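What follows is a short report on a single structure.
The values are calculated or read from the model by the stated rules, or taken from the named source; none is laboratory data. Owing to the predicted nature of the structure, the values given are computational and were not obtained by experimental measurement. As a convention, Cβ positions derive from the backbone with ideal geometry for all residues, glycine included, and neighbour counts pool all protein chains shown.
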Amino acid sequence: MSIVHVMRVTRFEISRSRRWPQMAQAMLSAVLLLALAGCSSAITKLETWEGSPATAVNAATLKAPGAIHVSRVNGRSMTNYLMDDLALDYALLPGENQVVFTYKTIWAKTGVVQNGESKVHVIESEPQVVRFEAAPNETYRFEFDKPESRRQAEEMIPKFSAAVVGGQWPDLGSIVKLVARRQRFGSADAYA
């Protein structure tokens, strides 16, 4: 064994010991990221009923994109989260369902904003209600026009409407529109 060999081993162990804090920090960051991702995916399907009804095993799913905020389902208030634009799935019991929702989108402001002023334009619709018959184990989604600019969004809001569509074939979803009565109303409390 030569002195060169001993120096290489010593240098390797010393350099490896310097990397330990960096490796521990990287591992901790990875674990926290995985835990956060796991928590966010665990809350994306919300039950819209209380108790344990027998038909819950065949629950339908309503997929709501981030721009749609569901406030009530069948008179039951839905949970608010810290982030407004979460895409959530709602588990619905088969049969008649009533969903109260609003459309909300944000657009960045151009130019300089004053101290304390919001950096975004918030465009939000009045609460809307849609009623539809949910089939067991079926998946439904909201269908609505998506604006490409803030100006389009502002023009669309007074006449905004959305439908709940579903079907076995996702590409035929717009053909398999459900009979849904849409109503405008001033307060979601009217449907509590």
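Every condition in (1) assigned to a strand (DSSP E or B); (2) closer than 30 Å to Pro53 by Cβ; (3) modelled with pLDDT of 90 or more is met by Arg182 except one, and the failing one is (3).
Give Glu96, Glu13 a once-over and let me know the one that is outside any loop (DSSP other than H, G, I, E, B) and at pLDDT below 70. Steps first, answer last, please.
Details: Glu96 fails: at pLDDT below 70.
So the residue among Glu96, Glu13 that is outside any loop (DSSP other than H, G, I, E, B) and at pLDDT below 70 is Glu13.
Of all the numbered requirements in (1) assigned to a loop (DSSP other than H, G, I, E, B); (2) closer than 30 Å to Glu50 by Cα, Tyr103 misses one, and that requirement is (1). Scanning the stretch 133-156 for residues that are over 21 Å from the mean Cα position of the chain (by Cα), of a type outside the set (Gly, Ala, Ser) and closer than 21 Å to Asn74 by Cβ turns up Glu133, Pro136.
Yes or no, residue by residue, for (1) surrounded by fewer than 17 Cβ atoms within 10 Å (Cβ to Cβ); (2) outside any strand (DSSP E or B); (3) outside the structural domain of Leu62 (by TED's automatic domain parsing); (4) touching a residue at least 40 places away in the same chain (Cβ under 8 Å):
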site	(1), (2), (3), (4)
Val112	yes, yes, no, no
Glu117	yes, yes, no, no
Ile123	no, no, no, no
Phe142	no, no, no, yes
Asp145	yes, yes, no, no
Glu148	yes, yes, no, no
Ala153	no, yes, no, yes
Met156	no, yes, no, no
Val165	no, no, no, no
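Against the definition (β-branched (Val, Ile, Thr) and within 18 Å of Ala153 (Cβ to Cβ)), how does Thr105 come out, yes or no? It is true that Thr105 is β-branched (Val, Ile, Thr) and within 18 Å of Ala153 (Cβ to Cβ).
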